[in-house]
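Read the structure below first, then the notes.
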Amino acid sequence: MTDFPLAPGSTIGVLGGGQLGRMLIEAASRLGFDVAVLEREADSPAGRVAAKLIVGAYDDEAALAELAAATGVVTYEFENVPAASVAWLAARGVEVAPGPKALAVAQDRFEEKTFLNAHGAPTVAFAPASTAEEAAQAVAAIGVPALMKTRREGYDGKGQRWVEHLADAAAAFAALGGVPVIVEAACDFVRELSVIAARGRDGETAVYPLAENHHEGGILRRSIAPARADQALSEQAERIAARVLGGLDYVGVIGIELFELADGRLLVNEFAPRVHNSGHWTQDGCEVDQFEQHIRAVAGWPLGPTQAIAQVEMLNLLGDEVDAWPRFAAEPETRIHLYGKRDAKPGRKMGHVNRVKPL
Ligand code: AMP
């Protein structure tokens, strides 16, 4: 069993080798920890800066056992790690944070929205479907336009289709692969916001100011934080965060995506049981950023302050936009965060910049 707080010099395990893992490693190393990464690819953003890299599939028991033997606590940097792998680690006494429940709920959009509503976090109306016939019934119940999404494994706008007419429901179901789906009511939001929050091992919570997010083609382009928000809106977000964190008995940082309605109400779109792209502004806008906060939480340390110390515009650098780094480097107000990915494929997240202004 691991003793908490985890002492500096200990090793933390991370499942996944992407940019979120890389930035978690930067934060962990500032606090004196080493990080062991388990990742499928031999060359990855996090693998290249990890103290120890285990190359293997996320469900490879020998690789998981090696990770377990090397580490005091294991976390993950993307939500599609197999729930069975986390359960395998937990069954062998490995402390995995966030725990298996958060992962299982987040991996299935129907379970997720059901959980949210049961815990007083409102969402759009939704209905599940596993056959073309059920898909048509779900669209009839929800009304058009409706958004049909695969229950599992969608991200960055993938795995979803708008249904404009009831007659198109079966075709949309087929186009999504005939897999179980959820049909959601269209949300007529005025803004997309997100709240990044954390819960420690002792149940302490900390909530960052809201971020306002702009997507293109389902991918986050730009966040502005702290978002313009009155006290009532901020308190609503804090209440939602507290309910979700408490309901999941959560340990770590969570990213909760929100829709703001014209009447000022917030609905939850989804949550990610990990550090989140819309929280990258905290690296240059807060004293303790989301990455350090996550490491503190999983290591059983006290949480750090979350108030903003600057106004930040975060821009994602997608594909060859990263080639503009010399221009960003010449801007005194701009902080550059590049992920060290070799291949600038179109739409791929290669880095981000934070443009910082005084509050
Ligand atoms: P998601 O994959 O659920 O994060 O959805 C990606 C994007 O699709 C969101 O950021 C929204 O812009 C949009 N979206 C998702 N669900 C809805 C909905 N029910 N109504 C309107 N827009 C949505």
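What translational D, rounded to a whole number of µm²/s, comes out for the chain from Stokes-Einstein when the hydrodynamic radius is the Kirkwood one over Cα pairs, at 4 °C and 1.567 mPa s? Could the numbers behind the result be given before it?
On the way: Rh = 21.0 Å.
Taking Rh from Cα pairs, D becomes 62 µm²/s.
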### Potential extension, residue 29-residue 51 segment - 0.36 nm per residue separation minus Cα distance
7.0 nm
### Message
Just to confirm, what accessible area per residue do you get for region 11-96 at 1.4 Å probe, in whole Å²?
### Response
36 Å²
### Message
I'd like the Karplus ³J(HN,Hα) series for region 332-339: coefficients 6.51, -1.76, 1.60, θ = phi - 60°, whole numbers in Hz, and an x wherever there's a Gly or Pro.
### Response
x, 8, 10, 9, 9, 10, 10, 9
### Task
Could you give the size of the charge dipole of region 11-96 about its Cα centre, using +1 on the Cβ of each K and R and -1 on the Cβ of each D and E, expressed in debye and rounded to the nearest 20?
240 debye
### Task
Calculate what fraction, in whole %, of the accessible area of region 11-96 sits on carbon and sulfur atoms when a 1.4 Å probe is rolled over the protein chains.
48 percent
### Query
In whole percent, how big is the carbon plus sulfur part of the accessible area of region 189-357, probe 1.4 Å, protein atoms only?
48 percent
### Task
Could you give the spread of the C-alpha atoms of region 11-96 along their three principal axes, from largest to smallest, in whole angstroms?
30, 24, 20
### Total charge dipole magnitude, the chain, about the Cα centre, Cβ charges on Lys, Arg, Asp, Glu only, Debye to nearest 20
300 debye
### Task
Would you give the gap between the C-alpha center of region 288-359 and the C-alpha center of region 111-153, rounded to a whole Å?
34 Å
## Note on the structure
Distance in nm between residue 158 and residue 348 label points, each 7 Å along Cα→Cβ, equals 1.3 nm
### Query
Taking a probe of 1.4 Å, how large is the accessible area per residue of region 125-185, in Å²?
50 Å²
### Query
Calculated from DSSP H runs of 4 or more alone, at -39500 (n - 2.57) each and per residue, what is the 222 nm mean residue ellipticity of the chain, nearest 500?
-8000 deg cm²/dmol
### Message
If the only charges are +1 at each Lys and Arg Cβ and -1 at each Asp and Glu Cβ, what is the size of the charge dipole of region 293-359 around the Cα centre, to the nearest 20 debye?
### Response
220 debye
### Message
Just to check I understand the Karplus step: with θ = phi - 60° and J = 6.51 cos²θ - 1.76 cosθ + 1.60, what whole-Hz values come out for region 57-70, glycine and proline as x?
### Response
6, 5, 10, 7, 5, 5, 5, 5, 5, 5, 5, 4, 5, 8
## Note on the structure
Amide H contacts under 5 Å for residue 77, restricted to residues at least 5 apart in sequence or on another chain and with H modeled in the peptide plane, are 15
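I'd like to compare 325-338, 2-15, 262-275: which one has the highest average count of other Cβ atoms within 10 Å, and what's the full order after that?
262-275, 2-15, 325-338
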### Query
Taking 0.36 nm per residue of separation and subtracting the Cα-Cα distance, what length does fully extending residue 90 through residue 330 add?
81.7 nm
### Message
From the phi angles alone, apply the Karplus equation (6.51, -1.76, 1.60; θ = phi - 60°) to region 198-204 and give each ³J(HN,Hα) in whole Hz, x where the residue is Gly or Pro.
### Response
9, 9, x, 5, 8, x, 4
### Query
With each pseudo-label sitting 7 Å past Cα toward Cβ, what's the residue 323-residue 2 distance in nm, one decimal?
4.3 nm
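The values are calculated or read from the model by the stated rules, or taken from the named source; none is laboratory data. Bear in mind that the values here come from a model prediction, so they are computed numbers and not experimental data. When we count neighbours, we look across all protein chains shown, and the Cβ atoms used for this are built from the backbone with ideal geometry, even at glycine. With ligands, DNA and RNA removed, areas are computed over all heavy atoms of the protein, side chains included. Shrake-Rupley method; radii C 1.70, N 1.55, O 1.52, S 1.80 Å.
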